[in-house]
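**Q** Here it is, the structure, as structure tokens.
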Amino acid sequence: MIQAVIMAGGEGTRLRPLTCDRPKPMVPVLNKPVMEYTVELLKKHGITDIGVTLQYMPWEISNYFRDGSDHAVNIQYFIEETPLGTAGSVKNALGFLEDTFIVISGDGLTDFNLTEAINFHREKGAIATLILTPVEIPLEYGVVITEKTGEIRQFLEKPGWGEVFSDTVNTGIYVLEPEALDYVPPGQKFDFSKDLFPFLLKEKKPLFGISLRGYWCDIGNLNQYLDAQYQAMEGRVSIQIRGLPGEDRVYFGENCQVHPGAQIKGPAVIGDNCYIGRDAVVGPYTVIGSSCRIDEGASLKKSILWNGAYIGRRSEIRGAVICSKAMVKDRAMVFEGAVIGDGGVLEEEAKVRPDVKVWPNKTVEKGTVLDTHLVWGARACRSLFGADGISGKVNVNLTPECAAKLGAVFGNVTGPGSKILVSSDHSCSSQMIKMAVQSGLMSAGISVFDGGSLVTPVHRHAVRALGVKGGIHIKSSSKDPDILHLNFFTGSGSVIGRDMERKIENQFERDDFQRSSKEHTGEILYMPGLTESYIRSVLKNVSTDVIRDRRYRVVTYFTGECMQAVVPEIFNRLGCELINCGIGSEPDGPREPFSIAESLAGEVTGSGASIGAVLDNNGERVVLIDELGNVINKDLFEALMSLIILEKSSRPVVAAPVTASGVVERLAMSRNGRVVRTKTSASAFLEEASKPEITGAQGRLNQSILAFDALSTLVMILEYMAEKNKSLSQVVSEIPDFYMARKQSECPWPLKGKVMRELIEENRGRKVELIDGIKIYHENGWALVLPDAEEPRYHVFSEGFSHEFAESLADFYLERINQLKN
């Protein structure tokens, strides 16, 4: 006999305010709790002995389903006193389980053929079988790669785009043998996907996956909640819809009163005891719960009304959710993606803008135009983290309101009572956003250290020197003067990792975070002297006398008051003659650093300089020109830095992103060193480069600090040249020749996972690496196919024994991507 365990402990924080007063499995879909469809699916496949794991508001579920007899099943409940994780919660029901059983979520919607999965599980003799399915955007799921037999080869939880190795994901539905729970420690938090399955894979237990076709949605956010109901009304989900089907796919409940002058256009679902008045229009893809009243002339399109909702005369509801007993009075309007929580009231002629959420039992007064969430503050400015922190156009999608909210969220994530350093560049817009961020932090009970106007490396140094919990630095984009970037740092001065980014994004989106009381509001402490402290730190880490004896002439290009406060002072103390060609703004606006370097080459050779350097306005990146006028490209610069670090480290270890040339390994091998390959993102690289095995080996050459500190890097290169008594061109000549190519191809978001899966499958048997994207090795080179994290495109990197081979290898994979996406 097959049994089932329904996991129904979900709080559903991302669905708030829908879940403020109910657990996620009780959120209605087509007028039934979503968990009811799970019970019906199990019963359809002959599974009637069901255990239900509960935690959040357990009585809401047990009071509705009781012992299951109303649904012709037998239900037992198992309540977690403390969170036990997915596997731990099922372990909690171990006494109920006697044989093979299926684990399924109570807050998703699916019509999978569970019998097919059970038969597959038994045929394979599996201890655990994961039900998989292809999805267009796999970022929020666990990606799974299987052999042709179905045996699981690899999986990864919630990957970034560079880790999307397939579009086939873990649905969270499993067929298990009771012995699988032997590996779950009792009374501890333990997850299936994060803990149990990786352990079974490591122990070579029979772990399989079966990809099923059909509908599946975990209803994790509001868009998925709406879309699931639209899909069901279209008949794309094989479920039983409550009500009697009428014309035009309109389902009616009992005792409904519909005025002859009303218009109802299917597909639509209408509950029991509803009233729809004269000239009211119920448009397609609308769900109306039981005991709802739609008054004269009201208009609804693609909207969801819960039980007891009231819509007044000539009101308009467009793509919104109106929760239980909420009231939308006469001539009020609610637009796409908005939510009116349980018991909420919109007075006459009020308007709720798109995507705005009103928490339960709030009132929007007459005539009000609400364009912010009715909880604490302003609405989200956009999707948050990208390649360089949070970016936005000033006063368009990055407003002071948005910045204050970001400060409050970061304060909540770091914890009340923390100390946070905040700084910006000199621009007025950056300083405006800085003050807003500081206000948000103070509202969360954070003590703010105001660093004033700084460049990014100075900020990172100050975070470490002051011993604060973290930092926020606001800087202008070097590519677009209207764009600002907000960078968030940990207490070590590293960019925050993806886990913390997710926490910030989730709290920001939910608009559900704590403010401190008046007595616990944070304070501002002004911190002068940070730039001088940074300068001393840079000079402390090099042999200044060695550089000073050389009296180097250095040609630079940099702009901005913050850089002007740092660069001349450092080179003056090093006894260098500085020629800065960046004084004044460029008439045609910001230019790409490499093109600036090419135009600067003549100045370097003409002035007899030892080195030329283009420094970005934030002091993070540098492009070098040797004394012969040769510009050092990015690939060669990475190799140069690896060479210097390997030469000067106490134990030669260097971190290098997967995109870096294989010449780095050759340099390390010849010096009895080793290379640690990392992902390409700044946070991932810094996380690896900050590990003790690397920082301890490098000593004062801390690669996690050098990586995004143009001045420290430039000074260290000067020291190396001086110690070796070599020019920059002579140092570079020690690097063996190598040939690389970089190209890109457009690719729609929904096809990215599919392309990666196909590339992995067709390269079985070949040496590949899946650190970031897929790196495929050939006899005379390699190619890396890497999805862009922010744009609908792929990047292709290649290296070969010749320039022609590297180009042809990149072209081959560009063409292959185009074939697969088409």
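**Q** Mind checking which strands (runs of 3 or more DSSP E) fall wholly inside segment 167-265 and carry at least 3 residues that are farther than 30 Å from K357 by Cβ and either open to solvent by less than 70 Å² (accessible area, probe 1.4 Å) or acidic (D, E) (or both)?
**A** 168-176, 207-211
**Q** A follow-up question, please. Among the residues of segment 367-400, which ones are in a loop (DSSP other than H, G, I, E, B), open to solvent by 50 Å² or more (accessible area, probe 1.4 Å), at pLDDT 75 or above and out of contact with any Lys or Arg (no Cβ under 8 Å at 6 or more places or on another chain)?
**A** Those that are in a loop (DSSP other than H, G, I, E, B), open to solvent by 50 Å² or more (accessible area, probe 1.4 Å), at pLDDT 75 or above and out of contact with any Lys or Arg (no Cβ under 8 Å at 6 or more places or on another chain): A387, D388, N395.
**Q** Restricting attention to segment 327-348, does a residue exist that is assigned to a loop (DSSP other than H, G, I, E, B), within 16 Å of G283 (Cα to Cα), aromatic (F, W, Y) and within 37 Å of the chain's Cα centre (by Cα)?
**A** Among the residues of segment 327-348, at least one is assigned to a loop (DSSP other than H, G, I, E, B), within 16 Å of G283 (Cα to Cα), aromatic (F, W, Y) and within 37 Å of the chain's Cα centre (by Cα), which makes the answer yes.
**Q** Would you confirm whether any residue within segment 802-809 is in a helix (DSSP H, G or I), open to solvent by less than 30 Å² (accessible area, probe 1.4 Å) and touching a residue at least 24 places away in the same chain (Cβ under 8 Å)?
**A** Yes: one or more hits.
**Q** Could you list, in sequence order, the residues of segment 20-70 that are of a type in the set (K, R) and either in contact with a helix residue (DSSP H, G or I) (Cβ under 6 Å, 6 or more places away or on another chain) or surrounded by 23 or more Cβ atoms within 10 Å (Cβ to Cβ) (or both)?
**A** R22, K24
**Q** While we're on this one: Could you check how many residues of segment 551-564 are modelled with pLDDT of 95 or more and either more than 22 Å from C581 (Cα to Cα) or assigned to a helix (DSSP H, G or I) (or both)?
**A** Here the count works out to 0.
**Q** While we're on this one: Name the residues in segment 221-254 that are under 11 Å from I270 (Cβ atoms) and either in contact with an Asp or Glu (Cβ under 8 Å, 6 or more places away or on another chain) or of a type in the set (S, T, N, Q) (or both), would you?
**A** Within segment 221-254, G253, E254 qualify.
**Q** Whether any residue in segment 567-587 is open to solvent by less than 30 Å² (accessible area, probe 1.4 Å), assigned to a loop (DSSP other than H, G, I, E, B) and not small (G, A, S) is what I want to check.
**A** Checked against the condition, which is being open to solvent by less than 30 Å² (accessible area, probe 1.4 Å), assigned to a loop (DSSP other than H, G, I, E, B) and not small (G, A, S), segment 567-587 yields at least one hit.
**Q** Among P652, P692, P657, which is the only one that is out of contact with any helix residue (DSSP H, G or I) (no Cβ under 9 Å at 6 or more places or on another chain) and of a type outside the set (K, R)?
**A** P692
**Q** Determine whether I474 is within 19 Å of Q564 (Cα to Cα) and under 23 Å from the mean Cα position of the chain (by Cα).
**A** It is true that I474 is within 19 Å of Q564 (Cα to Cα) and under 23 Å from the mean Cα position of the chain (by Cα).
**Q** Considering only segment 453-484, how many residues are assigned to a strand (DSSP E or B) and surrounded by 22 or more Cβ atoms within 10 Å (Cβ to Cβ)?
**A** Summing the residues that are assigned to a strand (DSSP E or B) and surrounded by 22 or more Cβ atoms within 10 Å (Cβ to Cβ) in segment 453-484 gives 8.
**Q** Of all residues in segment 748-757, how many are open to solvent by 50 Å² or more (accessible area, probe 1.4 Å) and charged (D, E, K, R)?
**A** 1
**Q** Under 9 Å between Cβ atoms, which residue pairs at least 6 apart in sequence (or on different chains) link something in segment 464-489 that is acidic (D, E) with a partner that is in a loop (DSSP other than H, G, I, E, B) and open to solvent by 50 Å² or more (accessible area, probe 1.4 Å)?
**A** D480/P590; D482/V396
**Q** So, in segment 598-626, exactly how many residues are in a helix (DSSP H, G or I) and open to solvent by less than 20 Å² (accessible area, probe 1.4 Å)?
**A** Final tally of qualifying residues: 3.
**Q** Based on what the data block shows, is V73 of a type outside the set (S, T, N, Q), at pLDDT 90 or above, under 29 Å from D182 (Cβ atoms) and surrounded by fewer than 20 Cβ atoms within 10 Å (Cβ to Cβ)?
**A** yes
**Q** How about segment 272-312: which of its residues are open to solvent by 30 Å² or more (accessible area, probe 1.4 Å), of a type in the set (S, T, N, Q) and touching a strand residue (DSSP E or B) at 6+ places or on another chain (Cβ under 8 Å)?
**A** Listed by number, the list holds a single entry, N307.
**Q** So, K357, is that one in contact with a Pro (Cβ under 7 Å, 6 or more places away or on another chain) and either open to solvent by 30 Å² or more (accessible area, probe 1.4 Å) or modelled with pLDDT of 85 or more (or both) or not?
**A** Taking the combined requirement at face value, the residue satisfies it.
**Q** OK, next. Go through E688, E620, E693 for me and flag whichever is under 30 Å from the mean Cα position of the chain (by Cα), among the acidic types (D, E) and under 20 Å from H461 (Cβ atoms).
**A** Selected residue: E620, the only one of E688, E620, E693 that is under 30 Å from the mean Cα position of the chain (by Cα), among the acidic types (D, E) and under 20 Å from H461 (Cβ atoms).
**Q** I'd like to verify a number: residues in segment 646-693 that are of a type in the set (A, V, I, L, M, F, W, C), open to solvent by less than 70 Å² (accessible area, probe 1.4 Å), closer than 22 Å to I735 by Cβ and not in a loop (DSSP other than H, G, I, E, B), how many?
**A** Residues in segment 646-693 being of a type in the set (A, V, I, L, M, F, W, C), open to solvent by less than 70 Å² (accessible area, probe 1.4 Å), closer than 22 Å to I735 by Cβ and not in a loop (DSSP other than H, G, I, E, B): 13 in total.
**Q** Hey, any hits in segment 205-218 for a residue that's at pLDDT below 90 and at positive phi?
**A** no
The values are calculated or read from the model by the stated rules, or taken from the named source; none is laboratory data. Keep in mind that what you see is a predicted model, and the values were worked out from it rather than measured. Counting neighbours? That spans all protein chains shown, and the Cβs are built from the backbone with ideal geometry, glycine included. All accessible areas refer to the heavy atoms of the entire protein, side chains included, with ligands and DNA or RNA removed. Shrake-Rupley method; radii C 1.70, N 1.55, O 1.52, S 1.80 Å.
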